[in-house]
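Step one of this worksheet: look at the structure below.
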Amino acid sequence: MPSVEITPHLYRFFPALENRTISVPAGSVAEVLRAVDELAPGFSDYVLDERGALRRHVNLCLNDTNVIDRKTLSDRVPEDATLYIFQALSGG
Amino acid sequence: MSNMILLGTRKGTVIFDRSNSAWNPRPIEHAGIPVCYAARDPRNGTLWASLDHGHWGPKLSRSRDGGMTWEDVLSLKYPEGARYIVKYLPTPDFDPEAPVGQPEYKDATVFKIWNLAFGTAGQPGRLYAGTIPGGLFVSNDGGDSWELNRPLWNHESRGGNLFAGEATSENRWGGTPASIDYGVFEPGIHSIVIDPRDPLHMHVAVSSAGVLETTDGGQTWTGRNRGMLNDYTPNPESAWGHDPHFVAGCPGQPAHLWQQNHCGVFYSDDGAMTWKKVSMPDAGVHFGFPVAVDAHDGRTAWVVPARADSERMAIGGGLCVARTTDGGQSWQSFRNGLPQENAYDIVLRHGLDVSGDSLCFGSTTGNVYLSEDRGETWQCLGHHFPPVYTVRFG
């Protein structure tokens, strides 16, 4: 199963995700985020807008590659991949 | 007499409590998170903060225990199909004579929850929220769920009902510079004035469109900008395109409304049917952001004058608060207790409030001042707060 690594910044709002390994079924990035949201309800509101698109100042990487489809999150997350969720460096 | 003041600051929510005659700040809440509005619902004591997360999107935070604990309210979202016509900042090669092209549409998402307003005592669950990109949201259950007010969103001044299809009219709403931090140039609703005697009667103010009124609970809206002067545009008396910085009403005399904007201070004593410019530049009263109105006397209002649109700072390095008690025919400036040299503070649109004889304002320089004699003398509540976006008595 793919794993998910989350910026510690988000532990403040979702302490249930801290100090644990997050493994979810393989699928699209959207499906993986939905699975994380089931573990921590409300999580997707922090990384996605109400259209389901990635927020402007959030980055997702599959292993060390940026996710390409930021709008519908259709990139596939393979079994052995890690999805990294972190804040974009937006200056300041 | 209010015993609480809430500050929304760039680094969180600061709550002051009055203890005997002293005002004491609590440790900051929402530490590190910009808070663009914070207020207490006078009907049930619930505290609200609008969080302006840099990365994680706008969120409402609510406390039902006086600020001991807070919870996220994640339900304020644009519905599927909510669209608007995109505006762009004019570029150097902008040609005003060029033919108007086809409108460009964009799906709406919330960029900023700019302010909140609480319904009348007869509507205990009713809340309103104004957003960038220009949607008014309504809750009837204390904020658990929110619904976009579609008649305002679909207003003909904005292109008509884009849920249904193509624009049927021109979009007359501009963008507010306050939206540029989000990478967009969209309008925003920052003022919501509810008539305490008639909950179906409201005014909202939109940056950059103007003031709109409803008398049927939001089913229909009418622009109320007659008398407004946009003195920097080709048609200063245009029906739309005005940029109110803030609009406030008198609860006891709801026909009395005040507006501070780029081009002066404006006053209406007929429910915004007509506005009168009541600035006195010679007295320093012209440009600024906030305005506060007495709860009972609609002719009495306060502003915190700033130098000019092009120089957004205190006038002559000294802070003052100006008060009128005659509907803007005359203004009196008060400086006692306020710094009179090396002050560059600016007070933003939600940064001044009045409660009885007390007034409080906070500046982007992190200074907070309180008056308990209707603005005539001031005491400092602290010099080192984060930049202050909003001040509200609780």
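The values are calculated or read from the model by the stated rules, or taken from the named source; none is laboratory data. Just so it is clear, the model here is predicted, and its values are computed rather than measured. Cβ coordinates were reconstructed from backbone atoms using ideal geometry, including for glycine residues, and neighbour counts include every protein chain displayed.
Quickly run through segment A:36-52 and pick out the residues that are buried (at least 18 other Cβ atoms within 10 Å of the Cβ) and either more than 11 Å from chain B (Cβ to nearest Cβ) or among the aliphatic types (A, V, I, L, M) (or both).
Of everything in segment A:36-52, those that are buried (at least 18 other Cβ atoms within 10 Å of the Cβ) and either more than 11 Å from chain B (Cβ to nearest Cβ) or among the aliphatic types (A, V, I, L, M) (or both) turn out to be A:VAL36, A:ALA40, A:VAL47, A:LEU48.
Those residues that are touching a His at 6+ places or on another chain (Cβ under 6 Å), at pLDDT 95 or above and in a strand (DSSP E or B), I need them from segment B:236-263; list them, please.
B:CYS250, B:GLN260
If I go through segment B:138-181 residue by residue, how many of them are assigned to a loop (DSSP other than H, G, I, E, B), on the phi < 0 side of the Ramachandran plot and of a type outside the set (A, V, I, L, M, F, W, C)?
18
Does A:LEU48 fit the bill of being under 22 Å from B:LYS77 (Cα atoms) and not hydroxyl-bearing (Ser, Thr, Tyr)?
Against the criterion (under 22 Å from B:LYS77 (Cα atoms) and not hydroxyl-bearing (Ser, Thr, Tyr)), A:LEU48 qualifies.
Condition first: surrounded by fewer than 20 Cβ atoms within 10 Å (Cβ to Cβ) and under 21 Å from B:ALA49 (Cα atoms). Now tell me which residues in segment B:334-357 satisfy that.
B:SER355
Specify the residue that is nearest to the other protein chains (Cβ to nearest Cβ); the eligible residues are those in segment A:53-62 that are farther than 13 Å from B:VAL110 by Cβ and under 12 Å from the mean Cα position of the chain (by Cα).
Restricting to residues being farther than 13 Å from B:VAL110 by Cβ and under 12 Å from the mean Cα position of the chain (by Cα), the top hit is A:VAL58.
Enumerate the pairs (first residue in segment B:181-192 and crowded, with 21+ Cβ neighbours inside 10 Å; second residue anywhere and in a loop (DSSP other than H, G, I, E, B) and of a type in the set (Lys, Arg)) with beta-carbon separation below 9 Å, excluding pairs fewer than 6 apart on the same chain, so at least 6 apart or on different chains.
B:GLU186/B:LYS87; B:PRO187/B:LYS87; B:HIS190/B:ARG349; B:SER191/B:ARG349
Kindly establish whether A:ARG70 is within 14 Å of chain B (Cβ to nearest Cβ), of a type in the set (D, E, K, R) and out of contact with any Cys (no Cβ under 8 Å at 6 or more places or on another chain).
Answer is yes for this residue.
Can you tell me which residue among B:CYS360, B:CYS380 is surrounded by 23 or more Cβ atoms within 10 Å (Cβ to Cβ) and at pLDDT 95 or above?
Going through B:CYS360, B:CYS380 in turn, the sole match is B:CYS360.
Please report, ordered by residue number, the strands (runs of 3 or more DSSP E) entirely within segment B:48-112 with at least 1 residues that are in contact with a Lys or Arg (Cβ under 9 Å, 6 or more places away or on another chain) and at the interface with another protein chain (Cβ under 10 Å from one of its Cβ atoms).
In segment B:48-112, the matching strands (runs of 3 or more DSSP E) lie at B:57-63, B:71-73, B:105-107.
Taking the stated definitions as given, is B:ASP17 over 26 Å from B:VAL368 (Cβ atoms), surrounded by 13 or more Cβ atoms within 10 Å (Cβ to Cβ) and at pLDDT 95 or above?
No: the conditions fail for B:ASP17.
Does B:SER191 satisfy being within 14 Å of chain A (Cβ to nearest Cβ), of a type outside the set (Lys, Arg) and not in a loop (DSSP other than H, G, I, E, B)?
Here the answer is no, as B:SER191 does not meet what is asked.
Looking at segment A:1-34, which of the residues that are without any contact (Cβ under 8 Å) to a residue 24 or more places away in the chain and buried (at least 18 other Cβ atoms within 10 Å of the Cβ) is nearest to the other protein chains (Cβ to nearest Cβ)?
Once the filter is applied, the top-ranked residue is A:ILE22.
Looking only at segment B:281-294, filter to residues that are touching a Ser or Thr at 6+ places or on another chain (Cβ under 8 Å) and hydrophobic (A, V, I, L, M, F, W, C); which one of those is nearest to B:GLN259 (Cα to Cα)?
B:VAL293
Here is a list of conditions, (1) in a strand (DSSP E or B); (2) in contact (Cβ under 8 Å) with a residue 40 or more places away in the chain, and B:GLY298 meets all of them except one; can you say which number that is?
Of (1) in a strand (DSSP E or B); (2) in contact (Cβ under 8 Å) with a residue 40 or more places away in the chain, only one is false for B:GLY298: (1).
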